[in-house]
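Okay, structure first, notes after.
Nothing in this text is a laboratory measurement; each read-out follows from the coordinates by a stated rule. The shown structure was predicted, so the numbers you read here are calculated from the model rather than taken from an experiment. Virtual Cβ from ideal backbone geometry, glycine too; neighbours counted across all protein chains shown.
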Amino acid sequence: MVKLTGALFFLVDATFPWGIEVPRADRFAAIILPRAQHVVSYHIVLQGAGWASIPNVASTRFNAGDILVFPHGDPYSMLSGPGQSPEYDGEATVRFFHDMAAGKLPFVVEEGGGGAERTQFVCGYLGCDIRPFNPVLSALPSLLHVKRPGAAPEGLLERLVELTLAEARTHRVGGDSIRLRLSELMFVEVVRRYFESLPEGQTGWLSGLRDPAIGRVLAMLHERPARPWTLHELAEQAGVSRAVLAERFAHLVGCPPMQYLTLWRMQVAARLLADSAMKVTATAHEVGYESEAAFSRAFKKVTGVSPAKWRKPPASGIGRLPG
């Protein structure tokens, strides 16, 4: 569901004191990933420790093995100590991105005051689709902090990080494609670890997946969006009453099942329109609409533009997810 459209990686080798301030993603997205609708920032801590913060959220301490994900394009800072002034403010960081995207900087970037304490972390920026509906990203918090399991043996995520670092240091044919696929796998594993750590009673799309009945309904809607589903049929397939399904689905996912189906149909249609030469009428049939007019009305209601205009999206759709 999170279709990545590009990726940028580099490694920061920082000595105490160090600090960076990253502005909103719409300030630098067009520089580093010009074709992306949205940019997700993440950092994998290889050595040392520090503090991460975003506006109106308490600072979070991170340690070696942790992963920090900023899914919504918010401004944030990463510092060697809480409350300190960053070495690179937002303007300096934008200039840095200009140079990094232009190939003027090495893969390993050194910064900091030269102290004995050292922190190393991978900086990753992923371009992805966000419009018109991306329930995965909207389900994530402003700052997703995935801690490395205590004494657990090296897992899939750690091996993916090693492969990505090794590939990023080389300049071989097909390297961009390999790094993009590896970054997709890393993102999936990070979300999976977050999913597995959710407490009981948590609401949201990911919690809906974990619920036996709601998870089954979500799977059916995603697998067969063109089918003329009814609430009665979905409830019967899930083994619950219509009232229970309607109440539990809205509580966990945040909207009624039929509204969710419409949103998902529009997401599928948007991708078909953007990635293929399929005619609007054929796209309408593909997502369950017998009439092109009915489909066009539904599509415009969700996206704000007609299907024809969607084929030529605006240059920048970067921004925070609604909700």
Subject >> the chain: most fluctuating residue of G48, G115, G19 per GNM, C-alpha cutoff 10 Å >> reply: G115
**OP:** Springs between alpha-carbon atoms under 10 Å, Gaussian network over the chain: tell me which of P257, P135, P199 tops the mean-square fluctuations.
**Re:** P199
**OP:** Could you work out how far helix 212-223 tilts from the main Cα principal axis of the chain, as a 0 to 90 degree angle to the nearest 10?
**Re:** 80
**OP:** Please grab the % of Cα pairs in the chain that end up more than 32 Å from each other.
**Re:** 35
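If you take every DSSP beta bridge whose two residues both sit in the chain, what share of them, in percent to the nearest 5, is antiparallel?
Bridges in the chain are about 85 percent antiparallel.
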Subject >> With Cα atoms, 0 to 90° folded angle of helix 175-197 axis to the chain main axis >> reply: 70
Original post:
In a shell of Cβ-Cβ distance under 11 Å around K147, excluding K147 itself, what net charge do Lys and Arg (+1) and Asp and Glu (-1) give?
Top reply: +2
Original post:
Using alpha-carbon positions, what is the distance between the centroids of region 237-270 and region 2-53, in Å?
Top reply: 34
**OP:** Please report, in whole Å, how far the alpha carbons of region 205-310 spread along each principal axis, starting with the longest.
**Re:** 39, 23, 20
